[in-house]
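S.K.: Pasting in a structure now, in structure tokens, and then I'll have a few things to ask.
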Amino acid sequence: MKIKMKQKLFGMALFFLLATTGIKAQDSTSHMMANPLPYVPKWEVTSNITLALSRFTGNVSRNLNDDPYLLMVRKFDSAGMSALRMGINGFRRKSEDVNGGFGGEVTRSSEENWASLVIGKEWRRNLGSGFYAFGGFDGRGIYRNSQSKSVQFDGWSRTEIITNASEFGGSAGGFGGIGIKLHDRIVLYTESIIFAQILQTERFFSVNGSNTTLESKTTFSVIPMVPIALFLTVQF
């Protein structure tokens, strides 16, 4: 009789132990599902969406060339709170016009090229509710060139006139901004920058290969830029 009573008590204790363990495991699983671990990014790819928004709102005069970068790629550390970043911006534009008549044929062409490369280091700090602040340092290389050419041929002689202007140099400075997570891997942010810039400007005028220098100067400036662009980021 005593043995059967002990067996019943042992069975009841085992039942309550298993039931308690199951409840704890269920609570733990529910807690993990309700509070998943934050996603730690390894890479980010960023696009400047300011021009698209400007055209959507009717501001067609907006020029993306004023912004520091069009595309950017970031490589994060293991904690996902600091990153190396590299951004690019640029364009190439070319046009040509040919006019002919009794006075001869005139060909006019123009070409404009611009490129900018940004390399820097970025640090972030969580502010809560999906917001974060960030800051860091950038170095930037700049190249601009525009050329217009006019060629006139009257059947006997050929006259070629070229006007050329170029700028090249670089800048370095700091940046800072604020961003918000719209989704686990989608971020929207804006930033402001202040940098010291040095540019070399060269302009010349040429008639049939004979060059005349119009300008040759070096300019140093400190340029602050308030947040003027919005950037959309996808994390990987």
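S.K.: List the number of the failed condition for ALA165; all other conditions in (1) modelled with pLDDT of 95 or more; (2) more than 25 Å from VAL207 (Cα to Cα) hold.
M.R.: Every condition holds for ALA165 apart from (2).
S.K.: Looking at the stretch 47-76 only, could you name the residues that are modelled with pLDDT under 90 and assigned to a strand (DSSP E or B)?
M.R.: Across the stretch 47-76, there are no qualifying residues.
Residue-by-condition table, conditions (1) closer than 27 Å to ARG93 by Cβ; (2) among the aliphatic types (A, V, I, L, M); (3) in contact with a Phe, Trp or Tyr (Cβ under 6 Å, 6 or more places away or on another chain); (4) surrounded by 14 or more Cβ atoms within 10 Å (Cβ to Cβ):
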| position | (1), (2), (3), (4) |
| --- | --- |
| SER129 | no, no, no, no |
| TYR132 | no, no, no, yes |
| PHE153 | yes, no, no, yes |
| GLY174 | no, no, yes, no |
| ILE193 | yes, yes, yes, yes |
| THR219 | yes, no, no, no |
| LEU230 | yes, yes, no, yes |
| GLN235 | no, no, no, yes |
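S.K.: Does GLY179 qualify as being in contact (Cβ under 8 Å) with a residue 12 or more places away in the chain and under 17 Å from SER82 (Cβ atoms)? Let's see the steps before the verdict.
M.R.: Numbers: in contact (Cβ under 8 Å) with a residue 12 or more places away in the chain: yes; under 17 Å from SER82 (Cβ atoms): yes.
Yes.
S.K.: Consider GLU167 against the criteria (1) in contact with a Leu (Cβ under 6 Å, 6 or more places away or on another chain); (2) among the acidic types (Asp, Glu); (3) loosely packed, with under 15 Cβ neighbours inside 10 Å: it satisfies all of them except one. Which criterion is unmet?
M.R.: The single condition GLU167 does not satisfy is (3).
The values are calculated or read from the model by the stated rules, or taken from the named source; none is laboratory data. Fair warning: this is a prediction, and the values are worked out from it, not measured in the lab. Quick reminder, even Gly has a Cβ in these numbers, built from the backbone with ideal geometry, and neighbours come from all protein chains shown.
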